[in-house]
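Here's the structure, in structure tokens; my notes come after.
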Amino acid sequence: MVDYAGRGFHLNVCVWPDRVVAAAELLDRNGFALDAVTGMDWIAENEMEVVYDYFHPADSCRVVVRTRVPRSKPEVPTISQVYPGANWHERETHEFFGIVFLGHPNLTPLLLPEDATYHPLRKDFVA
């Protein structure tokens, strides 16, 4: 457990990419809701990270689930079948970081032009 006041969450968990759906299912069974999904670019480590933020509305508990994938093949399974609200979060993360959510029903852009071939939140992006 982590000091919430200092970090903004109570539990920080790192899982392999093929375990994000199982983690989502476990949290869903225990009453957690999905708050956000986002990405991080660890360019020096040649990795991308997907960060899932969950909260429990009755217990005021916040859990962060993280997974890392290679920048050369940034793929992770979608959790949208467990949390339908993840659909938009995953689309946005795909759009801005280029992370592919395998099995996602529609990774079309939300904010960028439909023909955009760039991912503006990657650290090597040049405008």
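The values are calculated or read from the model by the stated rules, or taken from the named source; none is laboratory data. Just so you know, these numbers come straight off a predicted model, no measurement behind them. Using ideal geometry, Cβ is built from the backbone for each residue, glycine included, and neighbour counts are taken over all protein chains shown.
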* Options GLU90, GLU75: the member that is under 29 Å from HIS10 (Cα atoms) and buried (at least 18 other Cβ atoms within 10 Å of the Cβ) -> GLU90
* Filtered residues of region 110-127 (kept if small (Gly, Ala, Ser) and in contact (Cβ under 8 Å) with a residue 12 or more places away in the chain) -> ALA116
* Asked: Hey, among PHE97, PHE55, which residue is more than 18 Å from ALA24 (Cα to Cα), out of contact with any helix residue (DSSP H, G or I) (no Cβ under 8 Å at 6 or more places or on another chain) and of a type outside the set (Gly, Ala, Ser)?
  -> PHE97
* Structure fact -> Log entry, pairs with first residue in region 53-76 being without any contact (Cβ under 8 Å) to a residue 24 or more places away in the chain, second being among the small types (Gly, Ala, Ser), beta carbons closer than 6 Å, six or more apart or on different chains, reads PHE55/ALA33
* Structure fact -> With the first residue restricted to region 82-109 and required to be under 18 Å from GLU47 (Cα atoms), and the second required to be assigned to a helix (DSSP H, G or I), Cβ contacts under 9 Å at 6 or more apart or on different chains are ILE99/GLU90; ILE99/THR93; VAL100/HIS94; PHE101/ALA86; PHE101/GLU90; PHE101/ARG91; PHE101/THR93; PHE101/HIS94
* Give region 53-67 a look and list any residue that's under 13 Å from TRP16 (Cα atoms) and surrounded by 19 or more Cβ atoms within 10 Å (Cβ to Cβ), or say none. => VAL65, THR67
* Of residues in region 1-29 being at pLDDT 95 or above and farther than 18 Å from VAL69 by Cα, the one farthest from the chain's Cα centre (by Cα) -> ARG29
